[in-house]
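Some notes on the structure that comes next.
The values are calculated or read from the model by the stated rules, or taken from the named source; none is laboratory data. Please read all numbers here as calculations on a predicted model, not as lab measurements. Neighbour counts are summed over all protein chains in view; Cβ atoms, including those assigned to glycine, are modelled from backbone coordinates with ideal geometry.
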Amino acid sequence: MKVLVAVKRVIDYNVKIRVKADQSDVDLTNVKMAMNPFCEIAVEEAVRLKEKGVATEVIAVSIGPKASQEQLRTALALGADRAIQVLTDDPVDSLAVAKLLAKVVEEEQPGLVILGKQSIDADNNQTGQMLAALTGMGQGTFASEVVVDGESVNVTREIDGGLQTVKLSLPAVVTTDLRLNEPRYAKLPDIMKAKKKPLDVKTPEELGVSTASKVTLVKVAPPAERQGGIKVGSVDELVDKLKNEAKVIS
Amino acid sequence: MSILVIADHHDGQLTGTTANVVAAATAIGGDIDVLVAGEGVAGVAEQAATLAGVTRVRVADNAVYAHQLAENISALVVALVGDYSHVLSGASTTAKNFMPRVAALKDVAQISEIIAVESADTFRRPIYAGNAIATVKSDDVLKVITVRATGFDPVARDGQAAIEAVDVVENAGVSSFVNETLAESERPELGAAKVVISGGRGMGNGENFALLDGIADKLGAAIGASRAAVDAGFVPNDMQVGQTGKIVAPDLYIAVGISGAIQHLAGMKDSKVIVAINKDEDAPIFQVADYGLVGDLFEVLPQLEAKL
Ligand SMILES: Cc1cc2nc3c(=O)[nH]c(=O)nc-3n(C[C@H](O)[C@H](O)[C@H](O)COP(=O)(O)OP(=O)(O)OC[C@H]3O[C@@H](n4cnc5c(N)ncnc54)[C@H](O)[C@@H]3O)c2cc1C
Ligand SMILES: Nc1ncnc2c1ncn2[C@@H]1O[C@H](COP(=O)(O)O)[C@@H](O)[C@H]1O
């Protein structure tokens with residue numbers, strides 16, 4: 001069974017972003033970029049499935065500008081066998097990404113597609129579910145455990161009240177939550193080897209998908225700043241402030 | 001314009017957030033219907049009918065909707081969506097599961113976790129873990145939207161909507177429910193609590209979370225946690241507050257032994273009053289705290305419990 005993993009190039013999660021002065025967008029010039037953390041978990045899960053003999057081949061896919069090849073090379077260094085880039089400089093929304101991924105799914109016929117649950121830039125949490133809808137597959141979102149068993153997969157999902165396990169027939173879509181696994185680091189020899197692994201480049205036009213979106217970004221503003229508070233010297237002072245100044249306890 | 005709000009419910013009870021979602025629908029304007037899908041949900045429908053501003057509650061009561069499987073619920077919503085201009089739901093894990101599926105099946109975008117309505121087609125939503133607020137305009141014929149409950153005050157419960165059964169049965173047949181383990185707690189729900197006290201890695205281990213219990217009892221608080229505390233196995237995942245956990249905005253949030261990473265702040269910085277207890281006076285959490293107490297939590301917590 002082939003496993004397809006979708007990886008997105010995003011701002012490094014440690015970077016605190018700034019909004020552009022003209023409020024047209026966030027400012028990403030000279031900002032450190034990385035693989036979306038949830039995608040790292042997706043790659044790790046796919047590679048573990050291969051190590052267990054469940055997956056025969058792991059294919060990483062990314063949609064984005066030329067530079068997102070860096071993240072595909074990272075995926076290859078972490079153990080993916082080959083990569084596909086859908087090259088576009090246009091901003092692509094989740095629906096367009098899902099449509100492009102659906103085309104790749106059609107070509108590659110994977111048994112399982114693993115995505116992150118959420119990209120940390122757009123905070124959309126949509127793409128996996130949309131891909132599942134477009135391909136008619138079942139979906140196991142926010143996964144903290146994935147067990148492939150013959151023709152089906154059991155996915156344990158992190159839900160508001162606890163955990164839920166669903167059984168999906170294959171092929172299926174899984175999106176990763178943080179506790180699914182702890183991603184490994186790429187070792188130097190693997191990074192060298194990754195440079196020689198195949199990386200195919202396609203375009204949305206070749207795949208016959210339009211990336212036009214009906215949603216426009218009107219404005220991006222910084223959030224309301226909190227007024228700096230004070231330090232209190234003791235528990236007594238804290239309780240007094242909460243009672244008499246903030247009036248949030250009685 | 002007409003809006004379909006999909007009710008969030010659990011254990012035969014309508015969850016509080018549906019009242020916030022109806023408030024968002026009211027801000028958009030137009031007729032508001034509520035869809036209750038599940039098995040044995042007559043009681044939920046009755047509760048939904050009391051939400052102010054709702055015209056009609058549509059009830060799809062069938063075993064195929066029992067566990068809110070996304071494949072079946074999304075198919076149901078698509079079957080009912082007809083002429084509605086907007087479909088709204090809260091941002092629970094249930095809705096986050098099926099709503100994007102609805103959007104894709106209708107070939108429209110989804111707008112995730114709006115915190116404000118500017119007009120019927122323009123909304124505000126946080127991006128980059130809440131470090132920026134985007135205003136987005138949608139020209140889609142159908143707007144599929146999830147609503148962050150903390151952005152809207154709930155509507156009153158003095159309405160009297162009509163209740164109607166819907167006999168659409170959609171079973172996609174690609175997924176089935178296996179089991180569920182739900183945390184049992186006497187405490188208020190994290191999302192709905194007026195006071196939340198959360199512990200981080202500084203708590204040291206799971207047993208020490210008991211130090212928060214007495215305080216939570218006295219304040220009627222829900223107990224939350226940072227991801228580090230969840231990852232370390234101190235407490236279960238459903239307690240995680242943050243960008244990728246629960247978003248809370250209580251009147252009082254007390255962060256104990258939590259450093260204040262941006263991903264944690266994303267989940268609590270809209271709280272009315274924030275208290276931080278941390279032994280490191282330079283911890284970033286103090287930058288958002290109204291009241292900071294520098295000290296060892298193992299000394300501070302018992303004192304605090306005694307003083308309340
Ligand atoms: C993609 C992604 C998503 C994430 N999502 C979330 C999320 O939703 N929620 C979240 O919380 N995190 C999230 N994180 C993790 C986040 O980056 C931080 O790692 C995490 O919040 C740190 O938790 P902490 O503050 O408990 O631990 P630490 O950063 O280790 O801080 C512990 C604090 O405890 C204090 N302390 C220690 N001992 C004592 C004592 N005896 N008395 C008083 N104070 C003490 C220390 O001074 C320190 O400030 C995410 C990370 C990634 C990459
Ligand atoms: N441009 C992209 N290229 C590849 N995968 C993507 C892209 N955008 C989103 N994804 C995948 O979809 C997941 C969820 O993203 P989102 O729905 O945008 O929050 C990510 O973790 C990726 O696995």
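Structural remarks
- Those residues of the stretch B:232-262 which are more than 16 Å from the chain's Cα centre (by Cα), more than 7 Å from chain A (Cβ to nearest Cβ) and near ligand 1 (Cβ under 9 Å from one of its atoms), in sequence order: B:Ala232, B:Ala255, B:Val256, B:Gly257, B:Ile258, B:Ser259, B:Gly260, B:Ala261
- Remark: A:Asn181 falls outside the filter, which requires a residue to be closer than 18 Å to B:Thr181 by Cβ and either assigned to a helix (DSSP H, G or I) or not aliphatic (A, V, I, L, M) (or both).
- Check on B:Gly224, buried (at least 24 other Cβ atoms within 10 Å of the Cβ) and within 16 Å of ligand 2 (Cβ to nearest atom): no
- The condition (being crowded, with 21+ Cβ neighbours inside 10 Å, touching a Ser or Thr at 6+ places or on another chain (Cβ under 9 Å) and on the phi > 0 side of the Ramachandran plot) is satisfied by just one residue among B:Gly242, B:Gly199, B:Gly191: B:Gly242.
Okay, residues lined up against (1) part of a helix (DSSP H, G or I); (2) within 14 Å of another protein chain (Cβ to nearest Cβ); (3) away from ligand 2 (no atom under 15 Å from the Cβ):
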{"position": "A:Asn14", "(1), (2), (3)": "no, yes, yes"}
{"position": "A:Glu40", "(1), (2), (3)": "yes, yes, no"}
{"position": "A:Val43", "(1), (2), (3)": "yes, no, no"}
{"position": "A:Lys50", "(1), (2), (3)": "yes, no, yes"}
{"position": "A:Gly53", "(1), (2), (3)": "no, no, yes"}
{"position": "A:Gln85", "(1), (2), (3)": "no, no, no"}
{"position": "A:Val92", "(1), (2), (3)": "no, yes, no"}
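- Unique match (being among the polar types (S, T, N, Q) and within 16 Å of ligand 1 (Cβ to nearest atom)) among B:Thr150, B:Thr146: B:Thr150
- Residue check, B:Val77 in contact with a strand residue (DSSP E or B) (Cβ under 6 Å, 6 or more places away or on another chain) and buried (at least 19 other Cβ atoms within 10 Å of the Cβ): no
- Residue check for A:Ala102: surrounded by fewer than 23 Cβ atoms within 10 Å (Cβ to Cβ), within 8 Å of ligand 2 (Cβ to nearest atom) and either modelled with pLDDT of 95 or more or within 8 Å of chain B (Cβ to nearest Cβ) (or both): no
- Total residues in the stretch B:162-175, condition within 24 Å of A:Arg157 (Cβ to Cβ) and buried (at least 16 other Cβ atoms within 10 Å of the Cβ): 5
- One residue from A:Pro204, A:Pro189 being more than 10 Å from chain B (Cβ to nearest Cβ) and closer than 26 Å to A:Ser119 by Cα: A:Pro204
- The criterion of at least 3 residues that are touching a residue at least 12 places away in the same chain (Cβ under 8 Å) is met, among strands (runs of 3 or more DSSP E) falling completely within the stretch A:197-250, by A:199-202, A:215-221.
- Candidates in the stretch A:128-176 are the residues that are in a loop (DSSP other than H, G, I, E, B) and touching a helix residue (DSSP H, G or I) at 6+ places or on another chain (Cβ under 8 Å); of these, the one that is farthest from the other protein chains (Cβ to nearest Cβ) is A:Pro171.
- Selection within the stretch A:214-250 - of a type in the set (S, T, N, Q) and in contact with a strand residue (DSSP E or B) (Cβ under 9 Å, 6 or more places away or on another chain): A:Thr216, A:Ser234
- Enumeration of residues in the stretch B:263-286 that are within 12 Å of ligand 1 (Cβ to nearest atom) and more than 9 Å from every other protein chain (Cβ to nearest Cβ): B:His264, B:Leu265, B:Gly267, B:Met268, B:Asn278, B:Lys279, B:Asp280, B:Asp282, B:Ala283, B:Pro284, B:Ile285
- Residues that are aliphatic (A, V, I, L, M), part of a strand (DSSP E or B), at the interface with chain A (Cβ under 8 Å from one of its Cβ atoms) and out of contact with any Lys or Arg (no Cβ under 8 Å at 6 or more places or on another chain), drawn from the stretch B:177-200: B:Leu182, B:Val195
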